[in-house]
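So the structure is just underneath, and the comments pick up after that.
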Amino acid sequence: MPAPSTRTALADSSRAPRLGGRLWLDFVNSDDEHRGRRVEHLTDFATWTHWLADAGVLDAERAAQLERRALEQPMGAQAALVDARRVRNALRTLAERGATQERARDGALAEINRVLGRSAGTRSVEAGPAGFARSFRAGGDVFGGLLLAIVESAAEALVAGEIARVKRCQGQGCARVYLDLTRNRSRRWCAMADCGNRAKAARHRSRRQSPPGTREPTPLRPRSRARSRRRGS
Ligand SMILES: [Zn+2]
């Protein structure tokens, strides 16, 4: 059996997690490290457009159109994917260290402004079956503008002063980031039902395994059971 790796960049058909609370944080989590296993959800241009459609950034028609163009212009599509991952790296640095490190904010800002600076195109509001939606048609490069909604979401977080509330999950082997909207900023896990419960179970196990003298006092344990525990077991 191969040794377990935390950096297995494998294609995965499962959906990328949506627990960041903001589009840009969900995008960072598309490079998903969870339970010590890393899954890259943007394996090729098609999965990148699927991700955008799933996040509501592209409608199905536009996603299909882009995939057709990607077949005609594979080099351009590949370059767009590489660019998306580059921006994602900068946004992860912003999510993980932006609250405390000016350098992390500056680096992300440069990437955000690089994308915003090239976003020439046409904005509009369009009526659809589910209501109104904003639309952006990039001018020039057909693949341009794909990152725009994402970097605007990150820019909005900077403007709104939200970065201080962005956290990385404290779960072991989990790198998911999220916006902590609790009043006292006490959220510690990407999901309570997942990393939260695992941490709780681990705490419980370590209490059971620790020597009796180091355990927290517990009320009236039957004598025979207490004696049968050997020190250090
Ligand atoms: Zn987690």
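Every residue, every condition in (1) surrounded by 13 or more Cβ atoms within 10 Å (Cβ to Cβ); (2) among the charged types (D, E, K, R), yes or no:
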{"site": "82", "(1), (2)": "no, no"}
{"site": "89", "(1), (2)": "yes, no"}
{"site": "93", "(1), (2)": "yes, no"}
{"site": "99", "(1), (2)": "yes, no"}
{"site": "104", "(1), (2)": "yes, no"}
{"site": "108", "(1), (2)": "yes, no"}
{"site": "116", "(1), (2)": "yes, no"}
{"site": "123", "(1), (2)": "no, yes"}
{"site": "127", "(1), (2)": "no, no"}
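Please give the number of the condition residue 112 fails out of (1) modelled with pLDDT of 95 or more; (2) in contact with a Ser or Thr (Cβ under 9 Å, 6 or more places away or on another chain). Unmet for residue 112, out of (1) modelled with pLDDT of 95 or more; (2) in contact with a Ser or Thr (Cβ under 9 Å, 6 or more places away or on another chain): (2).
When region 146-172 is limited to residues that are surrounded by fewer than 19 Cβ atoms within 10 Å (Cβ to Cβ) and among the basic types (Lys, Arg), the one that is farthest from the ligand (Cβ to nearest atom) turns out to be 165.
For the condition surrounded by 15 or more Cβ atoms within 10 Å (Cβ to Cβ), within 16 Å of the ligand (Cβ to nearest atom) and either at pLDDT below 95 or small (Gly, Ala, Ser) (or both), residue 38 qualifies. The residues in region 50-81 that are within 26 Å of residue 125 (Cα to Cα) and either assigned to a loop (DSSP other than H, G, I, E, B) or free of Cβ contacts under 8 Å to residues at least 24 places away in the same chain (or both) can be counted, and the count is 15.
The values are calculated or read from the model by the stated rules, or taken from the named source; none is laboratory data. Everything numeric in this text was worked out from a predicted model, so none of it was measured. Here the Cβ is made from the backbone with ideal geometry for all residues, glycine too, and neighbour counts use every protein chain on show.
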